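Step one of this worksheet: look at the structure below.
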Amino acid sequence: MASKTAVTIKAAGSGAGNAPSKAGAPGDSYAPLDSAHFREAMSRIVTAVHILTTDGPAGRLGATVSAVCSVSDDPPSILVCVNRASRVHAAILKNRVYCVNTLQPNHQALSDAFAGRGNLDMDARFAMADWTSLATGCPGLKDASLSIDCEVFSITEMGTHSVIIGTVADVRMSDEDRSLVYIRRGYHSVSK
C-alpha cells in the first residue's frame, strides 16, 4: 500500500515556517505575491514551445502555448493550460479536440505569429507552414518535432485559465533532435 504524506502550507504573512521569503531569509514572513512578480518567476522556467491547434464546428484556430505536460500513459493523455479569454479556448470547447505541435528552432516566426505578434489573421498564420489533418481533424504541423492529437476528456478552471486534459488519438514524431524552448522571454535551441 502506498503511503500518504501530508503537506502543510503556511498562510502569507504568518511568519512561521522555514520557507524563504522574497528576500530569501529562512523564517521571514511572506510578502503578498502580485501577478507581475509571479510572471517574472515563471519566465525563469525553461519550457518547450508549442502551437496548439483545433478544428471542427468552431473553425480552425491555433495559439502558441507553453504549459503542456503528460498526464498518464494508460490511457495516453496530456494536459494543456489555455487562457479562457483566448479565441482558441472557445474553439476547443466547441470542437472538443486539440493538437499540441512541439516546435523546432526554425519555427520562431511561426511561434510569434500564433502568439499574435504581427496581427496576422488566422488563415495567414496557418499559411506560414505546411499542415496535415490528424485523426481528430486537427491541424498537425508537418515538420513539428512532435504532434499530439487529442480528444477533450475534462476541463478544470483555475484563475484565468482552463486545464484541459485530452486523451491521445494520434501521435506524430520527427527525427529532429533540436527543440525550440523559451526562457526569460526569449527563444533558445536545445539539442539532444
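None of the figures in this text is laboratory data; all of them are computed from the coordinates on show. A quick note: this is a predicted structure, and the numbers were derived from the prediction, not measured. Heads up, the Cβs are rebuilt from the backbone with ideal geometry, glycines too, and the neighbour counts pull from every protein chain shown.
So is Thr53 touching a Ser or Thr at 6+ places or on another chain (Cβ under 6 Å) and either surrounded by fewer than 23 Cβ atoms within 10 Å (Cβ to Cβ) or among the polar types (S, T, N, Q) (or both) or not? Spelling it out, it is not the case that Thr53 is touching a Ser or Thr at 6+ places or on another chain (Cβ under 6 Å) and either surrounded by fewer than 23 Cβ atoms within 10 Å (Cβ to Cβ) or among the polar types (S, T, N, Q) (or both). One residue alone among Asp143, Asp112 is part of a helix (DSSP H, G or I) and out of contact with any Leu (no Cβ under 6 Å at 6 or more places or on another chain), and that residue is Asp112. For the stretch 140-192, the candidate set comprises residues that are acidic (Asp, Glu) and closer than 22 Å to Ala91 by Cβ; within that set, the residue that is surrounded by the fewest Cβ atoms within 10 Å (Cβ to Cβ) is Glu157.
Looking at this structure, is Arg125 out of contact with any strand residue (DSSP E or B) (no Cβ under 8 Å at 6 or more places or on another chain) and not β-branched (Val, Ile, Thr)? Considered against the rule, which asks whether it is out of contact with any strand residue (DSSP E or B) (no Cβ under 8 Å at 6 or more places or on another chain) and not β-branched (Val, Ile, Thr), Arg125 comes out as no.
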